[in-house]
Amino acid sequence: MKVMDIGEVASASGVPPSTLRYYDEIGLVPSIGRKGLRRQYGPDALLQLTLISLGKMAGFSLDEISGMFGRNGAADLPRAALHERAEALDRQVRDLAALRDMVRHVADCPAPSHLECPRFRKLVRIAGRGVSSPRSSS
């Protein structure tokens, strides 16, 4: 079993030692011991850190990610929550694609005024579907 100290894990993962210490304290990526004052980590630490990073990118909280590791680091994946998150990511991708198309059109549109351009108006409507309408304050 390859054991790495906190500096090696930080260097290999790009995760600062302070974050590694925090993850250890909350039981997310537990150290397996110490050599002097330096925490030691097992071979799965880098995989766990990658999974944490991916989970955070997908919008999961550290508490949610911690629950996915389950007891003893074994995976306990909430498949329904993962499907919901995948659907939310699909919506976000569609909204961002519509926004990207609108920005590109604005950059290239030959119309004297964008507000006169039917294509621009259509793109604004599509991009605006994902935006909440302002609420009146009464």
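Each reported figure results from applying straightforward, stated rules to the coordinates on display, with no laboratory input. Source: prediction; values computed, not measured. Every residue, glycine as well, gets a Cβ built from its backbone with ideal geometry; the counts of neighbours run over all protein chains shown.
Some notes on this structure:
- Qualifying GluC sites (Glu not before Pro) for region 1-98 [loop in DSSP, other Cβ within 10 Å: at most 16]: none
- Electrostatic bookkeeping for Arg129 treats Lys and Arg as +1 and Asp and Glu as -1; over the other residues with beta carbon under 11 Å from its beta carbon, the sum is +2.
- Contour excess over end-to-end distance, with Cα ends at Asp44 and Ala86 and 0.36 nm allotted per residue: 12.6 nm
- Between 0 and 90°, nearest 10: helix 79-108 axis offset from the chain longest Cα axis: 40
- Relative to one another, the C-alpha centroids of region 5-41 and region 77-99 are positioned 32 Å apart.
- GNM flexibility winner over the chain from Arg104, Arg39, Arg91 (Cα, springs under 10 Å): Arg104
- Within the shell of other residues whose beta carbon sits under 12 angstrom from the beta carbon of Pro110, the net charge comes to -1, with Lys and Arg scored +1 and Asp and Glu -1.
- In Hz, Karplus ³J(HN,Hα) per residue of region 109-115 (6.51, -1.76, 1.60; θ = phi - 60°; x = Gly, Pro): 5, x, 4, x, 9, 4, 5
- Rg and Dmax of region 79-128, Cα atoms only, in Å: 14.8, 51
- Among [x] 37; [y] 53; [z] 58, the entry derived from the coordinates for percent of Cα pairs over 22 Å apart: [z]
- Most mobile listed residue (Asp108, Asp95, Asp63) in the chain, GNM with C-alpha springs under 10 Å: Asp108
- For region 18-26, the Karplus equation 6.51 cos²θ - 1.76 cosθ + 1.60, evaluated at θ = phi - 60°, returns couplings of 4, 5, 4, 5, 5, 4, 5, 4, 8 Hz by residue, with Gly and Pro reported as x.
- Residue order, fewest to most surrounding Cβ atoms within 10 angstrom, among His83, His114: His83, His114
- Across region 31-45, rounded Karplus estimates of 3J(HN,Hα) from the backbone phi angles (6.51 cos²θ - 1.76 cosθ + 1.60, θ = phi - 60°) give 6, 9, x, 9, 10, x, 9, 8, 5, 10, 10, x, x, 7, 4 Hz, Gly and Pro being marked x.
- Rg and Dmax [Cα atoms of region 4-73; Å; Rg one decimal, Dmax integer]: 11.5, 37
- Taking Ser53, Ser61 and counting other C-beta atoms within 10 Å, the order from fewest to most: Ser61, Ser53
- Estimated from helices alone, the mean residue ellipticity of the chain at 222 nm is -18000 deg cm²/dmol (sum of -39500 (n - 2.57) over DSSP H runs with n ≥ 4, per residue).
- Its residue count N sets the reference 2.2 N^0.38 Å, and the alpha-carbon radius of gyration of region 51-105 equals 1.47 times that reference.
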